[in-house]
């Protein structure tokens with residue numbers, strides 16, 4: 001059945017590309033409006049080893065933008081609801097669901113160096129910086145940091161998807177070149193103040209659209225997201241594009257490496 005499921009993907013990427021997709025280990029931190037769509041895309045395109053990390057449960061306010069959030073999954077751990085859906089897509093996939101919080105105190109529990117790709121879809125500024133700094137420490141780098149084209153793991157990160165509505169403004173940029181994003185600006189400011197920087201450059205998905213303003217009121221529903229200073233409005237067509245773009249970065253990197261391998265063999 002697996003051959004039939006991914007026939008259209010193999011037509012584009014070839015057998016070698018599918019074999020590499022199936023062998024890669026990916027971990028996603030944050031299975032919300034961005035991470036859930038990234039997970040879905042990766043499994044539909046042939047990733048067979050995926051770890052999901054999120055300590056939260058599905059709440060009613062998640063339904064407008066998070067893939068696994070429906071009126072039937074409210075109250076379930078997000079990672080478990082997501083795992084169940086992904087296994088319905090590909091029962092042969094290895095989906096590990098970790099209902100845990102990533103933080104400075106828990107980072108050593110995740111063995112980041114054992115993964116080929118790390119996806120950052122965390123909301124918390126402090127935990128996001130911690131993941132980025134710790135993840136980039138694991139990437140073998142030359143003296144002059146460059147965008148990683150080989151080795152493992154590779155980090156891709158999502159900046160702020162909330163308060164945006166224009167899908168045509170979504171972009172991919174190196175972290176230090178992201179403009180107009182308050183989250184990226186706050187992260188860089190905090191890094192400079194604490195003198196704690198990523199060990200190498202890495203790509204981010206972000207929007208060039210200036211954030212809009214909330215004009216409605218936020219309801220409290222018990223979600224951990226309400227521990228943030230401010231809760232912002234967000235829409236599915238934006239968060240999904242962020243997530244799909246992150247997945248695309250993974251798949252394109254795998255495709256590039258496959259082509260390089262075949263070129264080196266003279267094929």
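Nothing in this text is a laboratory measurement; each read-out follows from the coordinates by a stated rule. Bear in mind the structure is a predicted one, so any value in this text is a computation, not a measurement. Don't worry about glycine lacking a Cβ; one is built from the backbone with ideal geometry, like all the others, and counts go over all protein chains shown.
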Identify, by number, the condition in (1) free of Cβ contacts under 8 Å to residues at least 40 places away in the same chain; (2) within 18 Å of the chain's Cα centre (by Cα) that residue 182 doesn't meet.
(2)
Single match in 34, 79 (criterion: surrounded by 18 or more Cβ atoms within 10 Å (Cβ to Cβ), out of contact with any helix residue (DSSP H, G or I) (no Cβ under 7 Å at 6 or more places or on another chain), in contact (Cβ under 8 Å) with a residue 24 or more places away in the chain and under 20 Å from residue 161 (Cβ atoms))
79
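Output the residues belonging to the stretch 92-118 that are touching a residue at least 40 places away in the same chain (Cβ under 8 Å), out of contact with any strand residue (DSSP E or B) (no Cβ under 9 Å at 6 or more places or on another chain) and in a loop (DSSP other than H, G, I, E, B).
Initially, the stretch 92-118 is screened for residues touching a residue at least 40 places away in the same chain (Cβ under 8 Å), giving 92-102, 110, 112-118.
Imposing the further condition that a residue be out of contact with any strand residue (DSSP E or B) (no Cβ under 9 Å at 6 or more places or on another chain) reduces the set to 92, 113.
Hit for the stretch 92-118 is 92, nothing else.
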Would it be correct to say that residue 51 is closer than 22 Å to residue 159 by Cα and assigned to a strand (DSSP E or B)?
yes
(1) part of a helix (DSSP H, G or I); (2) on the phi < 0 side of the Ramachandran plot; (3) surrounded by fewer than 23 Cβ atoms within 10 Å (Cβ to Cβ): which one isn't true of residue 71, the others all being true?
(1)
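Any idea which of 8, 20 is out of contact with any helix residue (DSSP H, G or I) (no Cβ under 8 Å at 6 or more places or on another chain) and either more than 19 Å from residue 235 (Cα to Cα) or in a helix (DSSP H, G or I) (or both)? Quick ask: steps written out before the conclusion?
Values: 20 fails: out of contact with any helix residue (DSSP H, G or I) (no Cβ under 8 Å at 6 or more places or on another chain).
Answer to the selection: 8.
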